[in-house]
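Input: a single structure, listed below in structure tokens.
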């Protein structure tokens, strides 16, 4: 799966063509419309050499962005016109829907041709979402070594280290000297080396990982030094079945640039590099933001209306149930509401303020659980802190709301009642906001996805219940 | 600013002591309580050698996590007991409050000693939050070269590339051969080289950046090849004043491992590595989650109750105003509410369902703006999509809510009214959720921070207004 073109390393590292791409985007970071218009014109007139002149020297990331900006039929035409000049790595730089749409249009033969020049992790990204039939046909068209490697990677579970890793890396036995290792690399065929690498791995004859040596260490060592004297006895590694989120956490915690992947027999089978980990970090952050907003982590801007509406329906349905629960609390006090309509006007304020305060607490809790800042070690301190914050703001907003309500309806008792209800609800919101995510986390349920519905139910029920309950007692409306 | 200990590169790359740290955490990812108890006992008995035995071999990230898990006075005692064995890099692995608390307790002399062994970017992290007096005293105690370098970095604006970069890197003139470059590095004093590096930069006599060569390319080249023949003519670089968020975007887009930093004269002044960019990516994601939840991006679990309550007050105050605006809409229909109390019970359902649907749309919009997936190029398509999704779910939830309401209150007209209001509000919510973030973004206001208050106001006002308005007309309550 190694590249055979000399200039590809520079390209893979994003260092070629920066001049063109520097001027590819306007000051808002969008692709310049002049560039797009010229490219579209070249595609329209089926001018292959003009298309190649425009798009052939783009970095894969920029080429991916350009594809996304084109109309669906233009995307396919561009790839067709560029022929072998089209860098399939560009297909890894867009969301799944657009990639799948493009791949569905391309003959499997073309995809197989394009995929064979890629690093194994990029090839995997392109192959993994295809249906089994297309996958088999493309694999069939690849050289046996590549096919076997890709097939093995596809057999690892989704979201595992095995799906993330790249399977080409450089190994050496411990008894080689630094000079020997350098000579071997210098004389190696390009296609037997990865496109770019930062370290070599020291393995025993059974391919078990003994340690690693970063290239700068290798360079600084004397030629005659045996590798085993300069290798780090690297015990930081991940199993091929490890979840990719755990892998990303290791990269973040230890500022790694790469981590070796081993099978159950401690044999080296791949290496995950930081750029893949960055994608995972980004996707996890994305998933968390979406989960908190009640959106599926898989939702993309390119999804169809029907799919999007269906996927959001579930969350809204859960919310509808909680809204009915809250309204049934209002229903309990129908008599009071009838006697004093001001209560109906003010009740939503208590519920809304509690909901917002609880969301603040919940956001902090969900974040801190994700980053492991919140743990059993500091749980009590954090709970206490949140309750105190809730009480302070409850008192402050109780006072403000009480004054406004008393003046609005000319009824000082109403001010006292709403102030007490506000204080109660902000404390309840703080407790709900901090306890519910932790409880869900202990139950191994993602707190980002599920906390919000529970928390809002708490603040709606307590908000309506406390306000109308206290009012009913205070004004003797029961 | 380069380390003088031989084993520090392994440590900086997170590859030493993995064995200990592998067993430092329990299966929930928390530091094992046995480890903490033993360490606390060693601190209590002021047994310096025992403390060093326990904590001396920890990776800086683990040592940082251990410090956070200790009580405040134990943190200071640990550093004191470890003396020169304490790795100050651990202080970069915790939140600002805890770091500042620890630094405030340490004599400036000790901080200066600890900082001089660090990479310049780590030293900067420790120094930048100190007050000017302490900063000056610590800088004074450093060797002149380090002092000048740090002082210059501190002069760059907050959140700029200059604050992120490390100022030690390897350069070579273009006319050297690969063999010459390797020999020079091999013979260089450890302290004249960075702790670890992946590439060398080719500069002209005025130190202007001409290109770069990754170490694997250098290793593969023939000894006699001039560097200028193998260098990438690297035009991808950032200015020292560039915002760090833009820098992080470049890393993500082009899968970079490092990027050179130049001054206004195109002279090479530093290099930013991916681990620093990962921190920025993480912090930006963190800021976005918090902003959407109505929490300041600077809020940490270690903040005081008072500071936290104050910082959250602002957002809650904005929400209170929007809640009063919504309630005043309810107030307009006091007559109708009095005549038909069922309206007061059902109105919050319409508002809440609209609010949730709008939040889904807003989350997608804010996310897509942050990742640049939503731009002028696809704005119309996305707006249309959201409105259609809102209409579909509005119709679905209108039907469901209408049926439930009609049965609950035994009044089929009420079902029709709430169904119409629900449809109206979910379309309004979709429009608000997609247009408001884009409008704020054009006005250069962070949509993550401000969208939610506006969007909720829209769905509350339209929810209450449409439901009570249609009801008043339908039942002739006016």
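Please treat every number below as a calculation from the coordinates, not as lab data. No experiment lies behind these values; they were computed from the predicted model shown. Methodologically, a virtual Cβ is constructed for each residue, glycine included, from the backbone with ideal geometry; neighbour enumeration extends over all protein chains shown.
The relative contact order of the stretch A:367-447, computed from alpha carbon pairs under 8 Å that lie at least 6 residues apart in sequence, is 32 percent.
Across the stretch A:73-204, the mean sequence separation of Cα contacts (distance under 8 Å, 6 or more residues apart), normalised by length, yields a relative contact order of 21 percent. Placing a label point 7 Å from the Cα of residue A:328 along the Cα-to-Cβ direction, no residue of the stretch A:439-473 has a backbone N closer than 12 Å. Distances between every pair of Cα atoms in the protein assembly as shown, grouped in 20 Å steps from 0 to the bin holding the largest one, split as 13, 40, 33, 12, 1 percent. Alpha carbon centre of the stretch B:240-306 versus the stretch B:116-192: separation in Å? Each part's Cα centre sits 19 Å from the other's. Rounded to the nearest 10 degrees, the inclination of helix B:342-370 to the longest alpha-carbon principal axis of chain B is 30 degrees. In this label model, residue B:52 and residue B:475 are separated by 8.2 nm, measuring between points 7 Å along each Cα→Cβ vector.
The C-alpha atoms of chain A define a longest principal axis, and helix A:144-155 lies at about 20 degrees to it.
If I model chain B as equal point scatterers sitting on the Cα atoms and use the Debye formula, what is log10 I(q)/I(0) at q = 0.08, 0.14 Å⁻¹? Each listed q maps to, in turn, -0.69, -1.28.
On a per residue basis, the convex hull of the C-alpha atoms belonging to the stretch A:253-361 measures out at 197 Å³.
Looking at the calculated P(r) for the stretch B:122-206, what percent of the C-alpha pair distances fall above 21 Å?
Values: 1584 of 3570 pairs.
Across the stretch B:122-206, Cα pairs with separations above 21 Å total 44 percent.
Between residue B:44 and residue A:264, the simple label model (points 7 Å from Cα in the Cβ direction) yields a spacing of 4.4 nm.
Tell me, rounded to the nearest percent, the portion of alpha carbon pairs in the stretch B:305-474 spaced more than 22 Å apart. The share of Cα pairs beyond 22 Å in the stretch B:305-474 comes to 47 percent. What is the stretch A:8-155 by shape, rounded, prolate or oblate, if you read a ≥ b ≥ c off the alpha carbon gyration tensor as root eigenvalues and call it rounded for a/c under 1.5, prolate for a/b larger than b/c, and oblate otherwise? Prolate.
To the nearest 10 degrees, how steeply does helix A:305-332 sit against the main Cα axis of chain A, on a 0 to 90 scale? Relative to chain A, helix A:305-332 is tipped by roughly 20 degrees. Over chain A, Cα pairs under 8 Å with separation of 6+ residues give a relative contact order of 11 percent. Based on alpha-carbon atoms, the Kirkwood radius and the radius of gyration of the stretch A:171-292 give Rg/Rh equal to 1.04. The stretch B:61-91 and the stretch B:392-451 have Cα centres separated by 53 Å.
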